[in-house]
Amino acid sequence: MSGKISKTAAKVTKKTAAKPDTAEPTLLSSGNPQIPKGYGDAPVQAYIAAMPGWKSDVGRRLDALITRTVPDVHKAVKWNSPLYGMEGQGWFLGVHCFAKYIKIAFFRGTSLSPVPPGESKQKEVRYFHIHEENRLDEAQLAAWVEQASQLPGERM
């Protein structure tokens, strides 16, 4: 051969070439950032930074409130959602972006007082939705976070 690459080899090389890294994570159709699974604060901060528009500011406020309320909280991103939990006890809360709101899932929400308003198909899970026009009741959120952190968590 005279140093030429066959058309088939050129196609394979072109198809399998690594895509360049982009500064922005992909947003799924619902507006949720696609962040690789990871444990610790770094993947959660990457998720928050990738939250679109007004949601990123709310995400920073939520993360700060959770960390302030439960200083020894453990963090992870799984299934494109930040999770918060206690070491050895599982996850008590998850966050997920949707096109028009942020959903906070309290995995033992029916045990909280007052019970968060959003119902779930899962027996114990309750949701709290945050829309752009909502004013956050940080005192209520902190109370729910504190209560949730003291309950048995979910193993995921």
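Probe of 1.4 angstrom, ligands and nucleic acids ignored: what's the accessible area per residue over segment 31-107, in square angstrom? On a per-residue basis, 42 Å².
Between amide H atoms placed 1.01 Å from N, distances below 5 Å from ALA76 occur with GLY40, LEU83, all of them 5 or more places distant or on a separate chain.
Computed about the Cα centre, the dipole magnitude for segment 64-156 is approximately 300 debye when only Lys and Arg (+1) and Asp and Glu (-1) carry charge, each at its Cβ.
The values are calculated or read from the model by the stated rules, or taken from the named source; none is laboratory data. None of these values were measured; they are calculated from a predicted model. Glycine gets a Cβ as well: all are built from the backbone with ideal geometry, and neighbour counts include every protein chain shown. Note: accessible area is taken over every heavy atom of the protein model, side chains too, but ligands, DNA and RNA are not part of it. Shrake-Rupley method; radii C 1.70, N 1.55, O 1.52, S 1.80 Å.
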